[in-house]
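Just below is one structure, and these are the notes that go with it.
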Amino acid sequence: MAERTPLHGQLPRGVQDLFGAAAAQRADLEARLARTFRAWGYTQLIPPTFEYYENLALGLSPKVQEDTYRFLDHRGHTLALRPDITVQTARIVGTKLYDQPMPQRFYYIAPVFRYTEVQAGRQREFSQAGIELVGATTAQADAEVVGLAVEALRAVGAPDFRVSIGQINFFRSVLAQLDVPPATAEQVQVAVDHKSAAEVRAILDGQPAVSVDLLARIPSLVGGPDVLAEARALAPWPQAQAALDNLAQVYEWLRRAGLAAPIVIDLGEVRGMDYYTGLTFEAFVPGVGFAVINGGRYDRLVGYFGPACPSVGFALGVERVMLALGETATTAHLPDALVVMSDDPDCLQALAQLRAEGLRVEMDVLGRTVEELLAYAEARGIPRVLAWLDRRLAPLEVERVG
């Protein structure tokens, strides 16, 4: 027997075991997402779990770089467990698929790893389900990705969700009216993202009042299409107008597709201003204190690895959605029937036929008595016990066990 240690049988903080109903619920959720992504023409991408850190770091924010799990291989190269799959998608396109017909559509459902603070719905190993639409710059491409996020949340039964869409270039165009250093610009971005007009004013104290007033108003520019008209009057310069045109086109496409009901236009949606290059969006579900989907346009990322290629996508946090949905009663992990042990070839053939028809059938391998099998089935929640009687598989009880 292996020597016991203080950590014998324990898991590191931030990872978890799933089994039984919880594992079945997650598998069902991921299967629904995969079906939805495929229905929109997206094909599966399966990147490696780890790769060279220097490649992953090209597209990561400083915070995510800090949270990345790193280790050395036997040649001294620094490897990393992937903290994000979008960067891996950019590498694959930039090095292997850049000369293929565009656009290209990919989806993935896979674990990622970050050394982050553990809390409900946020582990250090967590599953991302996401899509990337590569090779298109149009507002319709942006709208397709937002629309697919809406459909994905509908497919898994997320209740009363809201999707906030913004345009990082609107904020940048307003900020450009001021001559502030990058550090100050970052502070303003954080203040706007926190919806704090007072904080914006405090940071920009002494700057021209007109521009400060406009930046302080951005956190409140939230609502339906009327928000765009208000913003147009406030920011008449071309870059701001182009950003608002993009949002108007995205919203109109979603409206025509019947997907606009959960959409909120939020011009204060400005997170990740260095990473995104246009549209940004987040999805929220009641009961979860952080976004369950993050997405947007990132036209520079593929260019780190090969020819520049416009891209837009999103990632959905599977565990976050499961937290929003709560535990649901399911028997998906249970057999449909339990069969008394038999070595009769005809019985085994009948058993194989049931499985071929899609039923989940377990056969006794311990030679237990009928009474023992009935008790076992009741304890497990298996609804039916079958035996090979009169050359057929017949139930041993009329009523559902348990």
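The values are calculated or read from the model by the stated rules, or taken from the named source; none is laboratory data. Remember, it's a predicted structure, so these values are computed and weren't measured experimentally. In this analysis, Cβ positions are derived from the backbone assuming ideal geometry, glycine residues included, and neighbour counts consider all displayed protein chains.
Just give me the residues in the stretch 117-148 being out of contact with any helix residue (DSSP H, G or I) (no Cβ under 9 Å at 6 or more places or on another chain), within 18 Å of residue 320 (Cβ to Cβ) and touching a residue at least 60 places away in the same chain (Cβ under 8 Å), in sequence order.
Hits for the stretch 117-148 are 118, 124, 125.
Considering only the stretch 276-305, state which residues are under 20 Å from residue 89 (Cα atoms), out of contact with any Asp or Glu (no Cβ under 8 Å at 6 or more places or on another chain) and either assigned by TED's automatic domain parsing to the domain that holds residue 249 or outside any strand (DSSP E or B) (or both).
Listed by number, the residues that qualify are 276, 298, 299, 300, 301, 302, 303, 304, 305.
Hand me the list of helices (runs of 4 or more DSSP H) wholly inside the stretch 174-265 holding 2 or more residues that are modelled with pLDDT of 85 or more and over 27 Å from residue 138 (Cα atoms).
In the stretch 174-265, 182-193, 197-203, 209-217 are the helices (runs of 4 or more DSSP H) which contain 2 or more residues that are modelled with pLDDT of 85 or more and over 27 Å from residue 138 (Cα atoms).
So is residue 112 out of contact with any strand residue (DSSP E or B) (no Cβ under 9 Å at 6 or more places or on another chain), surrounded by 15 or more Cβ atoms within 10 Å (Cβ to Cβ) and β-branched (Val, Ile, Thr) or not? Working first, answer last.
Values: out of contact with any strand residue (DSSP E or B) (no Cβ under 9 Å at 6 or more places or on another chain): no; surrounded by 15 or more Cβ atoms within 10 Å (Cβ to Cβ): yes; β-branched (Val, Ile, Thr): yes.
When the stated conditions are applied, residue 112 does not pass them.
Which condition from (1) aliphatic (A, V, I, L, M); (2) in a helix (DSSP H, G or I); (3) farther than 20 Å from residue 309 by Cα is the one that residue 92 breaks?
For residue 92, the failing item is (3).
Filter the stretch 141-163 for residues that are under 13 Å from residue 37 (Cβ atoms) and not in a helix (DSSP H, G or I) and give the result.
Within the stretch 141-163, 156 is the sole residue that qualifies.
Got a sec? Which of 89, 36, 78, 68 is modelled with pLDDT of 95 or more, touching a Lys or Arg at 6+ places or on another chain (Cβ under 8 Å) and among the hydroxyl-bearing types (Ser, Thr, Tyr)? Don't jump to the end; show me each part of the working.
Numbers: 89 fails: touching a Lys or Arg at 6+ places or on another chain (Cβ under 8 Å); 36 fails: touching a Lys or Arg at 6+ places or on another chain (Cβ under 8 Å); 68 fails: modelled with pLDDT of 95 or more.
One residue alone meets the criteria, 78.
Do you know which residues across the stretch 347-389 are part of a loop (DSSP other than H, G, I, E, B) and either in contact (Cβ under 8 Å) with a residue 12 or more places away in the chain or of a type in the set (Phe, Trp, Tyr) (or both)?
Selection gives 359, 360, 364, 365, 366, 367, 368, 381, 382, 383, 384.
When the residues of the stretch 42-64 are narrowed to those that are assigned to a loop (DSSP other than H, G, I, E, B) and modelled with pLDDT under 95, which ends up surrounded by the fewest Cβ atoms within 10 Å (Cβ to Cβ)?
If we take residues in the stretch 42-64 being assigned to a loop (DSSP other than H, G, I, E, B) and modelled with pLDDT under 95, then 61 is surrounded by the fewest Cβ atoms within 10 Å (Cβ to Cβ).
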